[in-house]
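Below is one structure, written out as structure tokens; the observations come after it.
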Amino acid sequence: MSPVGWQALGQWGEDAARIEPIAGGVANDVWRVRVNGRLAVGRLGARSDADLAWETGLLQHLDREGLAVPVPIPTADGRLFVDGLVVMTYVEGGPPQTEADWRRVANTLRRLHRLTEGWPQRPGWRSSTDLLHAETGTRIDLGAMPTEGVARCRAAWARLVGRETCVVHGDNNPGNVRMTAERVALIDWDESHVDVPDLDLVLPHNAAGLGDGAHDIAAQASAAWEAAVCWDDDYSRKRLAEVRAI
């Protein structure tokens with residue numbers, strides 16, 4: 001992102017400053033920043049105001065309910081984002097490493113799902129079952145994928161029809177989990193949207209305790225989603241290869 005975009009950081013106070021970039025952001029420019037003398041995280045991207053309002057509103061709700069998440073820090077005049085820039089609290093902790101750690105992650109994800117039943121869809125996004133009929137949604141364009149691959153993905157998503165929906169984190173890899181002895185925090189909500197909760201529960205060691213049939217349905221639907229959302233690179237091709245032929 002152009003440094004021009006970072007000029008908006010001044011809206012968080014005269015002493016607000018960038019410190020160093022944080023690796024791992026694909027769609028955004030993410031930095032450690034200092035705001036009001038405290039370490040924070042700044043994320044600059046091209047999301048719409050409606051999209052950012054949805055995400056920051058969600059994070060505030062989860063924080064109020066006691067879930068450990070990055071909390072949006074308002075500007076001096078109370079705004080939660082300016083020109084695509086969001087500033088959030090810095091979350092300490094390390095990634096899950098043991099089966100017991102992943103069970104704690106599963107419990108946290110299930111709490112997220114309970115807290116967001118009936119939540120409205122993120123603006124511009126589609127759920128996996130919406131994509132049985134829609135072609136596009138934010139980063140997904142099924143028209144860019146091989147026809148046979150789309151058919152396999154849709155067959156996997158069709159097995160989710162009729163399930164209750166809620167907010168899913170959407171990218172709960174170890175790098176997006178920050179654990180301490182006291183709590184499990186989820187960071188990087190860039191892929192969060194409303195969908196079937198099973199998509200979040202395909203975890204190492206089957207830590208969510210899904211039965212064989214439920215795990216197969218979730219794993220196939222998750223592989224299909226990840227193939228579609230980041231098509232076309234090596235990772236997405238690998239994920240599509242995991243989706244069974246019809």
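Since every read-out is calculated from the coordinates, none of them should be taken as a lab result. Here the structure is a predicted model, which is why all the values come from computation and not from measurement. For neighbour counting, all protein chains shown are included, and Cβ atoms are generated from backbone atoms with ideal geometry for every residue, glycine included.
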Legend entry - the chain - mean residue ellipticity at 222 nm from DSSP helices (-39,500 (n - 2.57) per run, n ≥ 4, rounded to 500): -9500 deg cm²/dmol
Inset, instruction - Select from Ser128, Ser192, Ser48 the residue whose mean-square fluctuation is largest in a Gaussian network model of the chain (Cα-Cα springs shorter than 10 Å). - result: Ser48
Inset, instruction - Could you check which residue among Arg32, Arg178, Arg64 shows the biggest mean-square fluctuation in a GNM of the chain with a 10 Å Cα cutoff? - result: Arg64
Inset, instruction - Starting from the eigenvalues of the Cα gyration tensor, five times each then square-rooted, give me the equivalent ellipsoid semi-axes of the chain, largest first, whole Å. - result: 32, 21, 16
Legend entry - Rounded FRET efficiency, nearest 0.05, which uses the C-beta distance separating Asp15 from His133 and R0 of 45 Å: 0.35
Inset, instruction - For region 15-92 and region 200-236, compute the distance between their C-alpha centroids and round to whole Å. - result: 28 Å
Inset, instruction - Assuming 1.306 mPa s and 10 °C, estimate D for region 99-241 with Stokes-Einstein, Rh taken as the Kirkwood radius over Cα pairs, in µm²/s. - result: 103 µm²/s
Legend entry - Ordering of 216-222, 239-245 by packing [mean C-beta count within 10 Å, highest first]: 216-222, 239-245
